[in-house]
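The values are calculated or read from the model by the stated rules, or taken from the named source; none is laboratory data. Predicted model, so just to flag it, every value in this text is computed and none were measured. Virtual Cβ from ideal backbone geometry, glycine too; neighbours counted across all protein chains shown.
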Amino acid sequence: MNHSFKSSLILFLLICGSLSLIAQNNNRVSEIDTVIPLTEVIVNAYQSRGTLNRVPGSLSVLTDKSISAWDANSMATTINSLPGVSMQSGTYATSRIVIRGMGSRTPYNTNRIKFYLNDIPITSSDGVSNPEDIDLQMIDRLEIVKGPASALYGSGLGGTINMYTAEKSQTSTNAQIHYGAFNTLKASVAQNILVDNFSLQAHVSATNSDGYRENNYLKKRTALVAGNADLKLFDLEYFFYTTYLNAGIPSSVGRTLFDTNPEAAAQNWKEIGGYKRYQKGVAGVSFSKRINTQWQNKLMLFGKWNDSFEKRPFNDLDDGSRGGGVRNKLSYTTEKINLIVGFEWMTDKYNWLMEKDDILINKNRENRNHLNLFSILYYQPTSNLNISLAGAFNKISYKLTDQFKEDGDKSGNRNFPSMFSPRIGVNYAPHRKLAFYASVGHGFSLPSPEETLLSEGNINPDIKPEEGWQYELGARLLLFNKKMEIDGTLYAIALNNLLVTKRLTEDIFTGINAGKTSHRGVELAVRNQWFSYRSFPGKLSSDFSYTFSKNKFVDFTSEDNNYDGNLLPGIPNYSSQISFHWSPIKSMMIDAQFQSVGRQLLDDANTLSESSYFVSNLKLSNRFDAFKHSSLTLYIGVNNVTNSHYASMVIVNAKAFGSAEPRYYYPALPRHGYVGLSWGF
């Protein structure tokens, strides 16, 4: 069965199911629980709280049930259920999120997308994020604004991912233990305390794994404390999050090992036992004050730190950063107007040194400052029309201090041109079950520290931020008494000064601006409540997503090679997934996910590609009543049921060094299972 047919089969099943739902509506209404509409989703994206159906732009949302439906150790499984979003996960410490083709060229991390936790930025000031640090069990809701959104959140051409911890309504405790293949063991405890006007949520977890591949071990510890307090003068919110990680690095492999021995690590990383070890933390506190019925202010203070060490075949990297900032939003609200003005200022100091055989070969310090002034106006002239006007002013500067001057002083300053990013969005809802939206917005992304430096280590005075415009048009539709929700979007992005990370040697990278690119696509998301009976067969719902995109170079010449018209590598041409959530009896839940991912190119010349693949995941859980006011949930799952062989992450334009093959591939995990037990009271 080819992958195009599998994708078509998913669409066929969706259509057939819709017709079946209509028949059930007409013939069996008396047997069905009448209170079964899909729950209306409340979101905070676009800097304003409201219902998803009135948002003037594209937005994807994952709630707590969707987040917890899959393997607790696989963030990619959860993220990849959304249209327009792709998370490639190479190892426990190496991943990359791509939104609408943005960020596909970043080798080993995510740096075109901005992350917020409880409205506080956790992305570093140079735009680098590490989503794999976040334990999804700590997150209650996840919202993704796709495409250029700089007018709303500042630098981040790919979009913005907003994560929120849970707001519990009662005191509770939950303990969980999870065991899976490759000797993977995870234990976690969550405690929620609610006393009068004070709440506290504490969550700690510990994960150990031998890993599927050689030199692929993991030791990870996370902790979160969050909550709020209603005080007389203001409302207080707070959180503290920290991660410790020690993970072996098997790195990517060439085609021969990928096909014949995917468990193997890259030989040079295996020989020296390469690994990454770090501890990171983010702390934030916010003060909200309702001045009167129309004015409200929210002030947020935050700090971040990172201490990291990476043992590599070519040298050892010891780096770390300290930073913080302030964010403020002032809101004015009337019956027809919601105005938000604010600013966000971040600064950090990044220190790094490299050594080889205990001999220092480089040492630097980089100071970064980023100021974002933003304003958003929502105007509702009528009850069914919502117009959004937004704009942001950004000013960014880097200062490099060379602390190893044996090879010359490479210190310097880099002040990027001020960036203004406007946006306009419209949402028109002629009926409570139908809404149309359209938007035009500007966005930009900064070069990473590696991209700002020339191969000799000097600051590149010519490198520019990449920037572009996004145009999107979409509709949201509720059918069958709100049992089906459809969200479809067409988008086009015109990008200038695409940032390309070039690998000069195995340990030296630099950045160039690669002219113009075009990104076009269609996204479809469908949520279904198929049926809801009081007894067997119980309740069945599904989530379907489909993405088709065409991302190509418009104007790009590199090393005398002209790539105009070529497709961008590292981006699947399509992806589709459907997941079913069936509760045949009240205590049992069966989750099944089927995903088909299209072909993706591996180089700018479009001479190499990785074929499409199909993967499926299953999970069965059952809740048992224990003693008074407590319950036990036992679950068992299998990932990659069909044992598909594919690359879970690729490195575009990989280079060959010496006689070795270019290492394009991170092998995906084969079929593997897990079991777990959760105790709540």
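Condition first: over 23 Å from LEU59 (Cβ atoms), at pLDDT below 90 and among the charged types (D, E, K, R). Can you find one or more residues in segment 508-521 that meet it? Taking every residue of segment 508-521 in turn, none turns out to be over 23 Å from LEU59 (Cβ atoms), at pLDDT below 90 and among the charged types (D, E, K, R).
Can you confirm whether SER541 is over 18 Å from SER104 (Cβ atoms), under 19 Å from the mean Cα position of the chain (by Cα) and in a strand (DSSP E or B)? Walk me through how you get there before you give the answer.
Working: over 18 Å from SER104 (Cβ atoms): yes; under 19 Å from the mean Cα position of the chain (by Cα): no; in a strand (DSSP E or B): yes.
For SER541, the condition - over 18 Å from SER104 (Cβ atoms), under 19 Å from the mean Cα position of the chain (by Cα) and in a strand (DSSP E or B) - is not met.
Report, by residue number, each residue of segment 642-663 that is in a strand (DSSP E or B) and polar (S, T, N, Q).
Taking segment 642-663 as the starting set, the residues that turn out to be in a strand (DSSP E or B) are 647-650.
Result: SER648, single match.
Looking across segment 266-316 at every residue that is aromatic (Phe, Trp, Tyr) and in contact (Cβ under 8 Å) with a residue 40 or more places away in the chain, the one that is farthest from GLU355 (Cα to Cα) is identified as PHE287. Taking segment 586-598 as the range and being at pLDDT 95 or above, surrounded by fewer than 18 Cβ atoms within 10 Å (Cβ to Cβ) and over 19 Å from ARG527 (Cα atoms) as the test, only MET588 passes.
Look at SER81 and say whether it is more than 12 Å from the chain's Cα centre (by Cα), part of a loop (DSSP other than H, G, I, E, B) and either over 17 Å from TYR664 (Cα atoms) or hydrophobic (A, V, I, L, M, F, W, C) (or both). Quick ask: steps written out before the conclusion?
On the way: more than 12 Å from the chain's Cα centre (by Cα): no; part of a loop (DSSP other than H, G, I, E, B): yes; either over 17 Å from TYR664 (Cα atoms) or hydrophobic (A, V, I, L, M, F, W, C) (or both): yes.
The answer is no for SER81.
The residues of segment 608-664 that are touching a residue at least 60 places away in the same chain (Cβ under 8 Å), under 21 Å from TYR212 (Cβ atoms) and among the aromatic types (Phe, Trp, Tyr), listed by number, are TYR613, PHE614, TYR664.
With a cut-off of at least 1 residues that are of a type in the set (Phe, Trp, Tyr) and within 30 Å of LYS464 (Cβ to Cβ), name the strands (runs of 3 or more DSSP E) lying wholly within segment 105-177.
Numbers: elements: 113-117, 141-146, 159-164.
Filter on segment 105-177 gives 113-117.
Of the listed requirements (1) modelled with pLDDT under 95; (2) surrounded by 13 or more Cβ atoms within 10 Å (Cβ to Cβ); (3) touching a Pro at 6+ places or on another chain (Cβ under 6 Å), PRO667 misses just one: (1).
When you check LEU454 against the structure, is it aliphatic (A, V, I, L, M), touching an Asp or Glu at 6+ places or on another chain (Cβ under 7 Å) and either modelled with pLDDT under 95 or at positive phi (or both), yes or no? Spell out the reasoning first.
Details: aliphatic (A, V, I, L, M): yes; touching an Asp or Glu at 6+ places or on another chain (Cβ under 7 Å): no; either modelled with pLDDT under 95 or at positive phi (or both): yes.
When the stated conditions are applied, LEU454 does not pass them.
Here MET87 clears all of (1) within 11 Å of the chain's Cα centre (by Cα); (2) farther than 26 Å from PHE309 by Cβ; (3) among the hydrophobic types (A, V, I, L, M, F, W, C) except the condition numbered (2). Across segment 278-321, the number of residues qualifying as more than 17 Å from TYR116 (Cα to Cα), of a type in the set (D, E, K, R) and assigned to a strand (DSSP E or B) comes to 8.
For segment 620-631, how many residues meet the condition of being of a type outside the set (Gly, Ala, Ser), modelled with pLDDT under 95 and in contact with a strand residue (DSSP E or B) (Cβ under 7 Å, 6 or more places away or on another chain)? It would help to see each step written out before you state the result.
First, the residues of segment 620-631 that are of a type outside the set (Gly, Ala, Ser): 620, 622-625, 627-629.
Those still in the list that are modelled with pLDDT under 95 too: 623-625, 627-629.
Subset that is in contact with a strand residue (DSSP E or B) (Cβ under 7 Å, 6 or more places away or on another chain): 623-625.
Matching residues across segment 620-631 total 3.
Would you point out the residue of segment 416-429, among those that are touching a Phe, Trp or Tyr at 6+ places or on another chain (Cβ under 8 Å) and assigned to a strand (DSSP E or B), that is modelled with the lowest pLDDT? Out of the qualifying residues, it is MET419. Comparison of LEU157, LEU136, LEU142 shows that the only residue that is in contact (Cβ under 8 Å) with a residue 12 or more places away in the chain, in contact with a Leu (Cβ under 7 Å, 6 or more places away or on another chain) and either within 30 Å of THR633 (Cα to Cα) or crowded, with 22+ Cβ neighbours inside 10 Å (or both) is LEU142. Does segment 397-413 contain any residue that is under 18 Å from PHE374 (Cα atoms) and either acidic (Asp, Glu) or at pLDDT 90 or above (or both)? Checking segment 397-413: not a single residue is under 18 Å from PHE374 (Cα atoms) and either acidic (Asp, Glu) or at pLDDT 90 or above (or both). The residues of segment 288-306 include none that are under 24 Å from PRO250 (Cβ atoms) and at pLDDT 95 or above.
Could you tell me how many of the residues in segment 605-641 are part of a loop (DSSP other than H, G, I, E, B) and more than 30 Å from ARG105 (Cβ to Cβ)? Don't jump to the end; show me each part of the working.
To start, the set of residues in segment 605-641 that are part of a loop (DSSP other than H, G, I, E, B) comprises 605-608, 611-612, 626-630, 640-641.
Still in the list and also more than 30 Å from ARG105 (Cβ to Cβ): 626-630, 641.
Selection size over segment 605-641: 6.
Can you say whether VAL526 is of a type in the set (A, V, I, L, M) and surrounded by 19 or more Cβ atoms within 10 Å (Cβ to Cβ), as far as the supplied structure shows? Criteria met by VAL526. Answer yes if at least one residue in segment 200-220 is over 16 Å from ILE139 (Cα atoms), buried (at least 19 other Cβ atoms within 10 Å of the Cβ), of a type outside the set (S, T, N, Q) and in contact with a Pro (Cβ under 7 Å, 6 or more places away or on another chain), and no otherwise. Yes. Of all residues being under 28 Å from PHE480 (Cα atoms) and among the small types (Gly, Ala, Ser) in segment 410-438, which is surrounded by the most Cβ atoms within 10 Å (Cβ to Cβ)? Just the residue, please. Out of the qualifying residues, it is ALA435. Residues that are small (Gly, Ala, Ser) and on the phi > 0 side of the Ramachandran plot do not occur anywhere in segment 128-140.
Considering (1) surrounded by fewer than 22 Cβ atoms within 10 Å (Cβ to Cβ); (2) in contact (Cβ under 8 Å) with a residue 60 or more places away in the chain, the lone condition that SER388 does not fulfil carries the number (1). Going through (1) surrounded by 23 or more Cβ atoms within 10 Å (Cβ to Cβ); (2) farther than 25 Å from GLY474 by Cβ; (3) modelled with pLDDT under 85; (4) within 11 Å of the chain's Cα centre (by Cα) one by one, ARG112 falls short only on (2).
For beta carbons closer than 8 Å, sequence separation of 6+ or different chains, a first residue in segment 63-82 that is buried (at least 21 other Cβ atoms within 10 Å of the Cβ) and modelled with pLDDT of 80 or more and a second that is of a type in the set (Asp, Glu) and part of a helix (DSSP H, G or I), the qualifying pairs are MET75/GLU132. Over 15 Å from ILE134 (Cβ atoms) and part of a loop (DSSP other than H, G, I, E, B), is that true of GLU214? So GLU214 passes the test.
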